[in-house]
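*Asks:* Submitted below is the structure of interest, expressed as structure tokens.
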Amino acid sequence: MRLVIASKNMGKIIEIKKCLEVPELMLLDYKDFGDWPEPAEIGETLEENAIIKAVTIHSQFGLPTLADDSGLMVDYLNGRPGIKSSRYAGPDGDAERNMELLLSEMKGVPSARRSARFSCKVVLVLPTREQRITSGECEGTILCRKSGSGGFGYDPIFRPAGYDCSMAELSVEAKNIISHRGKALRAMKKVIEDLIKSRSGL
Ligand code: ITT
């Protein structure tokens with residue numbers, strides 16, 4: 001069974017493929033289709049944007065399609081960058097510039113007020129156009145400087161709760177165990193396994 005991952009973020013794609021290892025499932029991404037135009041993320045919530053991405057790519061190929069929309073919510077910044085996480089410092093979606101901007105906004109903020117969380121919505125669109133939606137969150141704090149080179153996006157400046165390192169210092173497997181995306185994907189993996197077992201929908 002083929003499932004299309006509606007993302008162009010390689011960091012995400014790697015994490016999704018690791019989490020959704022189901023023997024009957026062949027995971028495809030944009031490279032398998034010779035690229036596709038990115039859907040405009042014009043929704044007002046993570047869920048709306050995840051639905052836009054999954055429905056757009058589903059309507060192009062007619063295959064079961066999964067999309068992720070995620071973001072970093074910083075309490076001191078009233079939830080920013082939030083839904084604008086990927087393009088916080090400008091339309092080019094440069095992760096280095098996004099982190100520099102966030103670090104500058106958090107300069108001098110004491111550790112007790114640096115709480116933040118990653119949040120993720122995963123949407124699956126079935127051939128019948130029915131949708132399944134799962135969510136996950138990961139609590140933590142914003143570090144004062146970058147540390148580590150793994151993961152993607154804001155990982156070098158995010159310290160997961162209970163850890164003494166940044167998210168970028170964890171392996172893909174270790175990140176998936178605690179991350180917002182890992183939690184949402186494990187719930188979705190169960191949905192997919194049930195659909196395969198009942199031979200309905202996928
Ligand atoms: P696609 O839409 O093509 O999937 P994207 O990067 O544009 O890729 P989003 O619109 O969901 O994806 O934006 C999510 C942004 O939030 C992402 O670019 C990062 O800046 C940040 N982010 C989300 N999950 C993250 C994670 O696990 N680690 C670090 N940063 C993350």
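*Asks:* Determine which aspartates and glutamates satisfy two conditions relative to K146: a Cα distance under 20 Å, and not lying fewer than 8 residues away in the same chain.
*Replies:* D75, D94, E96, E100, E105, D155, D164, E169
*Asks:* Just to check I understand the Karplus step: with θ = phi - 60° and J = 6.51 cos²θ - 1.76 cosθ + 1.60, what whole-Hz values come out for segment 19-28, glycine and proline as x?
*Replies:* 3J(HN,Hα) across segment 19-28, in whole Hz: 6, 9, 7, 10, x, 7, 10, 9, 8, 10.
*Asks:* For a protection proxy built on the mean count of beta-carbon atoms within 10 angstrom, sort 115-124, 75-84 highest first, please.
*Replies:* On the way: 115-124: 23.0, 75-84: 15.6.
By packing density, highest mean first, the sequence is 115-124, 75-84.
*Asks:* Tell me the angle of helix 180-197 to the major Cα principal axis of the chain, expressed in degrees between 0 and 90 and rounded to the nearest ten.
*Replies:* Once rounded, one gets 10 degrees.
*Asks:* Could you work out the relative contact order of the chain, using alpha carbon pairs under 8 angstrom and six or more residues apart, expressed as a whole percent? Could the numbers behind the result be given before it?
*Replies:* On the way: 384 pairs, mean separation 39.8, N = 202.
That works out to 20 percent.
*Asks:* Same structure, new question: Helix-only estimate, please: 222 nm mean residue ellipticity of the chain, summing -39500 (n - 2.57) across DSSP H runs of length 4 or more and dividing by its residues, to the nearest 500. Write down the numbers at each step before the final one.
*Replies:* Details: 5 runs with 62 residues, N = 202.
Only helices count here, giving -9500 deg cm²/dmol.
*Asks:* Going by amide H atoms built from the backbone, whose H comes under 5 Å of the H on I5, apart from near neighbours?
*Replies:* L28, D29, L66
*Asks:* Below 8 Å between Cα atoms, with a sequence gap of 6+, how large is the relative contact order for segment 64-110 in percent? Let's see the in-between values first.
*Replies:* On the way: 35 pairs, mean separation 9.6, N = 47.
Once normalised by length, the contact order is 20 percent.
*Asks:* Taking the number of other C-beta atoms within 10 Å as the exposure measure, put R145, R87 in order starting with the fewest.
*Replies:* Numbers: R145 9, R87 15.
Sorted ascending by nearby Cβ count, the order is R145, R87.
*Asks:* Could you tell me whether the chain comes out rounded, prolate or oblate from its Cα gyration tensor? Rule is a ≥ b ≥ c as square roots of the eigenvalues, rounded for a/c under 1.5, then prolate if a/b exceeds b/c, otherwise oblate.
*Replies:* Values: a/c = 2.13, a/b = 1.72, b/c = 1.24.
It is prolate, given that a/c is not under 1.5 and a/b is the larger ratio.
*Asks:* With an 8 Å Cα cut-off and a minimum separation of 6 or more residues, compute the relative contact order for segment 143-188 in percent.
*Replies:* 29
*Asks:* List the GluC sites (Glu not before Pro) within segment 34-95 that fall in a DSSP loop (any state other than H, G, I, E or B) and whose Cβ has at most 14 other Cβ atoms within 10 Å.
*Replies:* Here the GluC sites (Glu not before Pro) that fit, given the DSSP loop and packing criteria, are E44.
*Asks:* Right, here's the next one. For K18, list the lysines whose Cα falls under 18 Å from its own Cα; do not include residues on the same chain fewer than 8 positions away.
*Replies:* Of all the lysines, those that pass the test against K18 - Cα under 18 Å, at least 8 places apart if same chain - are K8, K31, K121, K175, K183, K189, K190.
*Asks:* Need the list of aspartates and glutamates near K53 for cross-linking: C-alpha distance under 12 angstrom, and skip anything on the same chain fewer than eight residues off.
*Replies:* E38, E41, D68, D69
*Asks:* Does anything in segment 47-64 have its amide N under 15 Å from the 7 Å Cα→Cβ label point of L126, and if so which residues?
*Replies:* 63-64
A short reminder: the numbers here are calculations on the coordinates, not readings from a lab. Just so we're clear, the structure is a prediction, and the values are computed from it rather than from any experiment. Ideal geometry is used to build each Cβ from the backbone, glycine not excepted, and the neighbour counts take in all protein chains shown.
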